[in-house]
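Note sheet for the following structure.
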Amino acid sequence: MTFDECTNEVCDRLNLTSATARDRVGRAINTYYKKVTSSIGLEQMSRHVFGVSGTATIASAEVTFAAMEKITRVYKVVGGTNNYIDEVTIDTLRDKTPSTSDSPARYAIKSYTDNDVVILLSALASTAYTLKADGFATIAAISGESIPSFPESYHDVLVEGVLKDEYKRMEKNDLSKISKDEYESRLSDLRMWAAKSAYLLIRQSEQ
């Protein structure tokens, strides 16, 4: 379902016709879109990204990775090989005077904003080199013909999420509870779908 189709589904079921109501429903769909894609067990499916670039600034130990909410590992690509940098606490780095090098050995998360992550390195950059990061990206609002970034079979979870709130707004508590139960059931189904793999091989201490 596209964003417009989700919006139409909600408005048709509630018999909402005004532009104001449609705009409210659209905002609510995006709110649930962010909730669903950031919820436990689903962020891997729709927000996991690899090799996001961040550029070091000469004489600085900070690097910013834009459009990310969380970083899981940082590395520098040298001759086609990923050289991973160890993560430590911010206090560990601040307890030592940084060297000057384009091959930092450690990093720490310095800060988060709504749209990027800033890391602190163990070394000041001598050139403007590039680091890469894996992690979880921010997600853009959808509109028009945009399609939610999880399987279409589960797009109804957005519809039911909005319906439960709209029914509550209308003081139709019985219908709100039905949609709430359906929302939670479909969200659980989506988590199960994301977690299932018949062929995933996991061994302890696998290298």
Exercise. Mind checking which aspartates and glutamates have their C-alpha under 18 Å from residue 132, skipping anything on the same chain fewer than 8 residues away?
Worked result: 62, 69, 86, 87, 102, 116
Exercise. Which order do peptides 157-163, 145-151 fall in by mean Cβ count within 10 Å, highest first?
Worked result: 157-163, 145-151
Seminar exercise, completed: Sorted by chain and number, the residues with a modelled amide H under 5 Å from that of residue 49, at a separation of 5 or more or across chains, are 135, 136, 137
Problem set entry | Coil-residue trypsin sites (Lys or Arg not before Pro) of the range 39-145, DSSP, other Cβ within 10 Å capped at 10 | 96
Problem set entry | Cα coordinate range in the range 1-98, projected on the principal axes (Å, largest first) | 64, 30, 26
Seminar exercise, completed: Computed over the chain, the distribution of all Cα-Cα distances in 5 Å bins, rounded to whole %, is 1, 7, 12, 14, 13, 11, 10, 9, 8, 7, 5, 2, 1, 0
For this session: Starting from the coordinates of the alpha-carbon atoms of the range 34-151, obtain the Kirkwood hydrodynamic radius over all distinct pairs and give the value in Å to one decimal.
Result: 15.2
Seminar exercise, completed: Taking the range 84-207, the equivalent ellipsoid from its C-alpha gyration tensor has semi-axes in Å, biggest first, of 44, 21, 15
Exercise. Once amide H atoms are built 1.01 Å from N in the peptide plane, which residues 5 or more positions from residue 99, or in another chain, come under 5 Å H to H?
Worked result: 124
For this session: Any chance you could tell me what percent of the C-alpha pair distances in the range 1-52 go past 17 Å?
Result: 46
Seminar exercise, completed: Expressed as a percent, the accessible surface of the chain that is carbon or sulfur, using a 1.4 Å probe and the full set of protein chains, is 49
Problem set entry | Two-site FRET efficiency, residue 146 against residue 55, from Cβ-Cβ distance with R₀ of 41 Å, rounded to 0.05 | 0.90
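The values are calculated or read from the model by the stated rules, or taken from the named source; none is laboratory data. Computed from a prediction, not measured in an experiment: that's the story for all the values here. As a convention, Cβ positions derive from the backbone with ideal geometry for all residues, glycine included, and neighbour counts pool all protein chains shown. These accessible areas exclude ligands, DNA and RNA; they are computed on the full protein's heavy atoms, side chains included. Shrake-Rupley method; radii C 1.70, N 1.55, O 1.52, S 1.80 Å.
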